[in-house]
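> Take a look at this one; I'll ask things after.
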Amino acid sequence: MSWGTELWDQFDNLEKHTQWGIEFVERYTKFVKERSEIEISYAKQIRNLSKKYQPKKNSKEDEEYKYTSCRAFLSTLNELNDYAGQHEVIAENLTSQIICELTRFVQELKAERKSHFHDGRKAQQHIENCWKQLESSKRRFERDCKEADRAQQYFEKMDADINVTKADVEKARQQAQMRHQMAEDSKNEYSACLQKFNQEQNEHYYTLIPHIFQRIQDMEERRIQKVGESMKTFAEVDRQVLPIVGKCLDGMTKAAESIEPKSDSNQVIESYKSGFEPPGDVEFEDYSQPMKRTASDTSLSNSRNEGKPDKPISKSKGKLWPFIKKNKGSGPEDFSHLPPEQRRKKLQAKIDEINKDIQKEMDQREALTKMKDVYLKNPQMGDPSSVDPRLAEISQNIEKLRLELQKFDGWLAEVEGRMPVRSDSSKRQSGMFEAQNNAPVNNNCAQDRESSPDGSYTEERSSEAQVKEFDDEFDDEEPLPTIGTCKVLYPFEGQNEGTISVAEGEVLHVIEEDKGDGWTRVRRNDDEEGYVPTSYVEVFLENTKGAMTYI
């Protein structure tokens, strides 16, 4: 059905209806916009919630995530963050695919509607003007007819009156004829106007108005279709993210299924296991017998000292790990304030960290070495000597890290009750560190240490004896033969026991080459010897054809 044929007389109602249709589109656009704002707000709140419960760096919560339930919660937070991202995608698609499209469409619709109704009003005005012209000619014809009738009646009256002169009668006759002619002309004009109006009216109601109304109908149908497409898109926008949302939910489910109660229960053991044996029975102390008694020790310390020679009882009470509060401070560097098992884990973690740092420094040294080789082959690219200071700095860092590694490895060996493998590099440690490594062999350090009240240990051996023990190692050794010479590239201050201070440009005798630990043993004037970093010297071995440089 067509609006042009069925609604030919409903111009004003169609104008109101199309205006309502545009307002409906604008209202729907506003609805989608508010939905988009809700999605953005919801996504923001979800992201903030996920961020709020994320573990803080360097906090106690980091330790909690060794449990499967905590890791599952972290995975859930990450999936929730992705879930929030999908709601942001919904908001973006609603804006780009519906809001922007409908806003542009409404502007076009308003302009098109204005044009159609302008043409309709113009056609309506034209037919109204034609109708007015027809009415005007009709009234004029009616008026002329009445005037002609009156003039004819007046002529007949004058012609019948014998008292009227012939001239007056002739005048009345001429007047009547003129009025008849005017009436005839008005009739012809009215007939022409009527014919023209009928043509205009026929064209208006059967051609022009149907055409205009048809365009308005097409415009309205496009509007309705556009609204339907937008509503479909409104649902599809949600449907498009459902697979990803489903994956997020699947990830949350998978995280929940990954929780292992037994594993978390065992992790509690690993986290808090002290390594101590449970205390034995407390001995009965008989105070009914008059005798001189010494201060009794706890069953824990007695059980630990069974089978060992009697030792003088220390003034400090034996440590009962299960019944004291742990020190919450940072504690000593060797973690001696912790129980054995916890101390071992801390030391191992520290050793792994140092190894990573050493590898990082070695990678940097390798990269700089390659760069120096490139500069040597292509001087125009750079000065090779510009790399040397950085190489020297890296070598010093590596040496410090290696000394640190040896120190912690010694403490770890002490905790595990094993002797660290003795190597030539161990002679380059400080006197204190050397004594710590040798202590388990000489006097069973783990048993001879006494517990102090604050939870730390005190060594019974004096530092002087330890330094003396280190010095004796070199005194007992036979002088090693010279295997070559070396030239010092950079000055080195030998601050640790076993090292030697050298100056740049100095030439020394090599008595032991680098064993892979970054140190070369040298001698000065046959009376002073020690270790220097291999990267600080250029070595010339007598049993090789050429010089070999360690950088």
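The values are calculated or read from the model by the stated rules, or taken from the named source; none is laboratory data. All figures in this text were calculated on a predicted structure; none of them were measured in a lab. Cβ: placed from backbone, ideal geometry, glycine included. Neighbour counts: every protein chain shown. SASA here: full protein model, heavy atoms, side chains in, ligands and nucleic acids out. Shrake-Rupley method; radii C 1.70, N 1.55, O 1.52, S 1.80 Å.
> Just one of Glu528, Glu497, Glu459 is open to solvent by 40 Å² or more (accessible area, probe 1.4 Å) and at pLDDT 80 or above; which is it?
It is Glu528.
> Taking the conditions exactly as written (closer than 30 Å to Ile212 by Cα, open to solvent by 80 Å² or more (accessible area, probe 1.4 Å), assigned to a helix (DSSP H, G or I) and in contact (Cβ under 8 Å) with a residue 12 or more places away in the chain), does Lys132 satisfy them or not?
no
> Same structure again: On the basis of being more than 13 Å from Ala84 (Cβ to Cβ), at pLDDT 95 or above and out of contact with any Lys or Arg (no Cβ under 6 Å at 6 or more places or on another chain), does Thr29 make the cut?
Considered against the rule, which asks whether it is more than 13 Å from Ala84 (Cβ to Cβ), at pLDDT 95 or above and out of contact with any Lys or Arg (no Cβ under 6 Å at 6 or more places or on another chain), Thr29 comes out as yes.
> Return the residues of region 394-406 that are of a type in the set (D, E, K, R) and within 16 Å of Val532 (Cβ to Cβ); say none if nothing qualifies.
Hits for region 394-406 are Glu399, Lys400, Arg402.
> Something else: Scan Gln214, Gln195 and give me the residue that is closer than 30 Å to Ile22 by Cα, open to solvent by 40 Å² or more (accessible area, probe 1.4 Å) and of a type in the set (S, T, N, Q).
Being closer than 30 Å to Ile22 by Cα, open to solvent by 40 Å² or more (accessible area, probe 1.4 Å) and of a type in the set (S, T, N, Q) holds for just one of Gln214, Gln195, which is Gln214.
> Right, here's the next one. Taking the criterion of being surrounded by 13 or more Cβ atoms within 10 Å (Cβ to Cβ) and more than 30 Å from Ser36 (Cβ to Cβ), would at least one residue in region 227-238 satisfy it?
no
> Could you go through region 102-123 and let me know if any residue there is farther than 30 Å from Thr207 by Cα, among the hydrophobic types (A, V, I, L, M, F, W, C) and open to solvent by less than 50 Å² (accessible area, probe 1.4 Å).
yes
> In this structure, does Glu142 turn out to be of a type in the set (D, E, K, R) and under 30 Å from Asn13 (Cα atoms)?
So Glu142 fails the test.
> It is to be established whether one or more residues within region 217-238 are in a helix (DSSP H, G or I), at pLDDT below 90 and β-branched (Val, Ile, Thr).
No, that holds for no residue.
> Restricted to region 6-35, and to residues that are open to solvent by 90 Å² or more (accessible area, probe 1.4 Å) and in contact (Cβ under 8 Å) with a residue 24 or more places away in the chain, which residue is nearest to Ala123 (Cα to Cα)?
Looking at the filtered set, the residue picked out is Trp8.
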